[in-house]
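We did not get these values from a lab; they are worked out from the coordinates using the rules stated. Remember, it's a predicted structure, so these values are computed and weren't measured experimentally. When we count neighbours, we look across all protein chains shown, and the Cβ atoms used for this are built from the backbone with ideal geometry, even at glycine.
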Amino acid sequence: MAHSSSRPQTLPPLRHLLVVGGGGREQALAWALRRCNDVEAVWVTPGNGGTEELDGCRSLAIAEQDAEGLIKACQQQAIDLVVIGPEAPLAAGVADRLRDAGLAVFGPSANGAQLEASKAWAKDLMREAGIPTAGHWAVASASEGLELLEKLQRPLVVKADGLAAGKGVTVADNTEQTASAIREAFAGRFGAAGERLVLEERLQGPEVSVFALCDGERMVLLPPAQDHKRLLEGDLGPNTGGMGAYAPAPLLDRAGLEQVRELVLEPTLRALQNKGIQYRGVIYAGLMLTAEGPQVIEFNCRFGDPECQTLMPLMGPELARVLQACALGCLDLAPELSVAQTCSACVVAAAEGYPETPRKGDVIDLQSDPDDQRQLFHAGTRREQDGRVVTTGGRVLTQVAQAADFDRAFDSAYAGLKLVRFDGMQYRRDIGHQVRRA
Ligand code: AMP
Ligand code: GLY
């Protein structure tokens, strides 16, 4: 097993990887990492109905927060690098436990994961470090929130402080909506996540996601990606985890991305360092491009889903080495990450009733045949004993495709989805409307 405590002189061997998680994001990570130089096998815990279909990938039935189970599996399979996908195990300190056991882990400590797990903590860090973000107030009771609203007399964005699976935010159009969101949160709508709220000034502008792979001191940026958070076409309906994505998002050109590095990501990593946090994982900055420049809407401590599925096919075969070097605190030893100069499109197929009450148990008819330029990543699926693949709810599949331009990439992704069927399947036909001409 690799020792992560001291900085190595050269990168150790990297043959066996373990990816923690079972969504589309982890499926895409496993697929991309398996294609990397020297990587022989990738285990995914717990994985999903598509994991074993991926060449060189195996699933293991271990829950994502079962640190003891994960450590044992890593010993048995001689794992050289663990990549933790979702936020919940990170916030629960699974990366710390694995590192304490001597494993090389890509994913921040519980301290670092507060960037996502506590919005108030992240806002304080941004304020201290001078990172551009909406003005905010943290409040601990309904009366405190309502008093503030009374004083300000303008609508505010209401955010549950803790992890609320992407559902803890109300963007209010008027003060009545702000007031009822405050009351509902303190009446228990988000459970413990809503015991404290962050109230924010409302910003305007297009949104874009930027991902920085960090080794605690240094970082590599991935191409910017555009998510589609709303359930319905025309960007209407409830917020979801994300119904589709594309990359690279032309909203941020090379100079724009450099500006985000200087104004947002590097100051964030420095601020974490100043708190004694060695952040080895992804910083995901959800940005709004306002008239005053980029502003941080939120930080996450992991890859976006489905942005990750969109980005992974663009990554060169150095990716695994880059993540390993981040895990070991020596990004300067990693080969340069090459990125394909093509357009990548991604459309999510969700279960009926998603996001409120997704139905489960429908058999999926899969005729699709992935190729070099088209990938179908499973998410909410399970393979039955008899070989049938059934839905397990939520976001079921992500169809991804690459081409020289976005029109062709989306045509290919939508053609791929035509080869998949399950009862209640729903997807947006207008993903990428910002960049498609057709
Ligand atoms: P979050 O969970 O923090 O990403 O928020 C979910 C969505 O709410 C974001 O993607 C934005 O569309 C919107 N949002 C969050 N904060 C603000 C803000 N300060 N101003 C305007 N919209 C916001
Ligand atoms: N796609 C947004 C997220 O992963 O939070």
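Per residue, the chain reaches -7500 deg cm²/dmol at 222 nm when only DSSP H runs of four or more residues are counted, each adding -39500 (n - 2.57). Under a point spin-label approximation (7 Å from Cα along Cα-to-Cβ), what is the Ser6-Gln385 distance to one decimal in nm? Rounded to a tenth, the inter-label distance reads 5.2 nm. Sorting His378, His228, His136, His16 by the number of Cβ atoms found within 10 Å of their own Cβ, with the fewest placed first, yields His16, His136, His228, His378.
Among the DSSP helices (H) of the chain, none spans at least 24 angstrom by Cα along its long axis with an average Kyte-Doolittle hydropathy of 0.5 or more; this is a geometric and hydropathy rule only.
Measuring spread by the Cα atoms of the chain yields a radius of gyration and Dmax of 20.9, 63 Å.
Among the GluC sites (Glu not before Pro) found in the stretch 1-100, those both in a DSSP coil and sparsely packed, with 13 or fewer other Cβ atoms within 10 Å of their Cβ, are Glu40. Put a plus charge on the Cβ of each Lys and Arg, a minus charge on the Cβ of each Asp and Glu, and nothing anywhere else: the dipole of the stretch 106-192 about its Cα centre is then about 120 debye. With R₀ set to 30 Å, the beta-carbon distance separating Glu53 from Arg261 gives a calculated FRET efficiency near 0.20. Neighbours of Thr175, meaning other residues whose beta-carbon lies under 10 angstrom from its beta-carbon, give a summed charge of -2 when Lys and Arg score +1 and Asp and Glu score -1. The magnitude of the dipole of the stretch 233-320, with charges of +1 and -1 set on the Cβ of Lys/Arg and Asp/Glu and taken from the Cα centre, is near 440 debye. Pairs exceeding a 24 Å alpha-carbon distance, out of Lys72/Lys360; Lys123/Lys275; Lys229/Lys418: Lys72/Lys360. Between the residues Gln375, Val363, Ala351, the greatest Cα displacement towards the positive end of the dipole of the stretch 337-376, with unit charges on the Cβ of Lys, Arg, Asp and Glu, is found for Ala351. The mean sequence distance of close C-alpha pairs (under 8 Å, at least 6 residues apart), as a share of the length of the chain, puts its relative contact order at 17 percent.
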